[in-house]
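Values in this text are rule-based calculations from the coordinates and carry no lab data. Computed from a predicted model, the values in this text were never measured in an experiment. As a convention, Cβ positions derive from the backbone with ideal geometry for all residues, glycine included, and neighbour counts pool all protein chains shown.
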């Protein structure tokens, strides 16, 4: 992730100092460096309102000011905008205030009297960090929106699939590694005479009496060998003497590590005969 020179030069900068001569010096230096969106105030009480209107990329803040010093300005900004990354570069002539300023929320500091090369470097470094932070935040928002959109699409797709399987004569099924049915979609419950409120844990009960054992053993042998099967036909005789035939196809499922986790497939009832 890179920040262009144009983005840096177009950064919004606020200079806050009660001394007009210092404000003019910093403004001239910034404009000479190519920064195009520089504003200033000598009234620290205006900073919160100005930040709320403009959300500056950098605030050059003097610490020693009458009425409201730089520490009070930082505290007011933190209270009013607690979720914001506040890009404050403090200006101080007192070395003992530097650590206190950083603890109060400043991101960096410059000393008075100004060393112009150091001041320019610290301003540029802070702007790069600020713009990278904004770009990351925007990227995360885009990613979150994309995830929400894909999740909604997936849910819509699943809903369409469930609707189709409920209308289709074919049915879809899944079994776990122990052979228990974990999912069945479509009219198979009605075909097998199982109640509609049967849960997945109860589906193993479809292996009841009446099934053709020779056919079942062939199918179970293929499943035990983890082999796929296509259009396998098996049948059962119901208690009333009617006979049902089913055709199923299935394939084994494996985890990413290669562990067998069950089977899935489709099935359909063939013409029932007396």
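Specify whether the C-alpha gyration tensor of segment 73-130 places it in the rounded, prolate or oblate class, a ≥ b ≥ c being the square roots of the eigenvalues: rounded for a/c under 1.5, otherwise prolate if a/b is larger than b/c and oblate if not. In terms of gyration-tensor shape, oblate. Protection proxy ranking, highest mean first, for peptides 149-157, 6-14: 6-14, 149-157, where packing is the per-residue count of other beta-carbon atoms within 10 Å, averaged.
Scoring 83-92, 261-270, 219-228 by mean Cβ neighbours within 10 Å over their residues and listing the highest first yields 83-92, 261-270, 219-228.
Sorted by packing (mean other beta-carbon atoms within 10 Å per residue), highest first, where do 126-133, 58-65, 21-28 land?
Numbers: 126-133: 17.9, 58-65: 23.5, 21-28: 16.0.
Highest to lowest by the protection proxy: 58-65, 126-133, 21-28.
Ordered by the count of other Cβ atoms within 10 Å of each Cβ, fewest first, 100, 32 give 32, 100. Rounded to the nearest 10 degrees, what's the angle between the helix 213-224 long axis and the longest principal axis of the chain, both from Cα atoms, 0 to 90? Helix 213-224 sits roughly 30 degrees off the main axis of the chain. The ranking of 4, 185 from fewest to most other beta carbons within 10 Å of each one's beta carbon is 4, 185.
For the chain, what's the relative contact order in percent, using C-alpha pairs closer than 8 Å and at least 6 residues apart? Let's see the in-between values first.
Working: 400 pairs, mean separation 31.1, N = 274.
Reported relative contact order: 11 percent.
Tell me what the chain gives for mean residue ellipticity at 222 nm when only DSSP H runs of n ≥ 4 count, each as -39,500 (n - 2.57), the sum divided by the residue total, rounded to 500 deg cm²/dmol. Provide the component values of the computation, followed by the final result.
Details: 8 runs with 114 residues, N = 274.
The helix-only estimate for the chain comes to -13500 deg cm²/dmol at 222 nm.
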